[in-house]
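Please read the structure below before turning to the comments.
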Amino acid sequence: AAPAAPSPVATDAAPSRGATDAAPRPETASPVASAAPSTFRAPPSAPSWQTLASTGKYREALAAAERLGFDAELRSASGAEQLLLADAARLAGSAARASEAYAAARAKLPGGGRASYGLGLVAFDQRGDFASAARWFETYLREQPSGPLRAEATGRLLEALQRSGQRDQARTLAQHYL
């Protein structure tokens, strides 16, 4: 078998004596050094906020999106990416950023997608605003009557109604739900 081609990556080997005034070797020159980006972007080796969020690194994903400009990332993201960013922000503990991203996804996705369910989770779990959570879960059920989160939304709605003091509505829903 033929020997492998040398790697274009610089090695830790020290230069030989007398080579200090020699021109830098091409394989040690940085290809990024000559590029002058017009806006700040994370180094190519840094994972994107999408990759971080998809792998459960929610705080790191939110921090990466913040470094890139959260609002700009949100504006340029697809509806699915907006939901991913919203979920990352919610799971990182940022109710405000999660709400912003879910609202953007509601505007971009047909029928709001599952964004109203996410807004219900933020209201319920992070803000303790059970009346608002109930409205968001009702909105999800109205917009997505056969949605994949229908059972979860109904259960959360039931709990939100009960916790917000709307016991009669909770009882009526429980009779239909169970």
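The values are calculated or read from the model by the stated rules, or taken from the named source; none is laboratory data. Note that the structure is predicted; figures quoted are calculated from it, not measured. Cβ placement follows ideal geometry from the backbone for every residue including glycine, while neighbour counts extend to all protein chains displayed. SASA here: full protein model, heavy atoms, side chains in, ligands and nucleic acids out. Shrake-Rupley method; radii C 1.70, N 1.55, O 1.52, S 1.80 Å.
For S45 and D168, FRET efficiency with R0 = 35 Å and r from the beta-carbon atoms, rounded to 0.05? Provide the component values of the computation, followed by the final result.
Values: r = 58 Å, r/R0 = 1.65.
For D168 and S45, the calculated efficiency is 0.05.
For the ranges 168-175, 65-72, what's the packing order if you count other beta-carbon atoms within 10 Å of each residue, average per peptide, and put the highest first?
Numbers: 168-175: 14.0, 65-72: 15.9.
Put in order of decreasing packing, that is 65-72, 168-175.
What FRET efficiency comes out for the pair S76/A151, r = Cβ-Cβ distance, R0 = 45 Å, nearest 0.05? All intermediate terms of the calculation are to be shown ahead of the outcome.
Working: r = 34 Å, r/R0 = 0.75.
Between S76 and A151 the formula returns 0.85.
What whole-number distance in Å separates the alpha-carbon centres of region 62-92 and region 103-178?
Measuring centre to centre over Cα atoms gives 23 Å.
Summing +1 for each Lys or Arg and -1 for each Asp or Glu, what net charge is found among the other residues whose Cβ lies under 13 Å from the Cβ of G113?
Details: positive: R106, K108, R114; negative: E81, D87, E143.
Summing Lys/Arg as +1 and Asp/Glu as -1 gives 0.
Take L91, L149 and sort them by solvent-accessible surface of the protein heavy atoms, 1.4 Å probe, largest at the top.
Details: L91 85, L149 40 Å².
Result, largest first: L91, L149.
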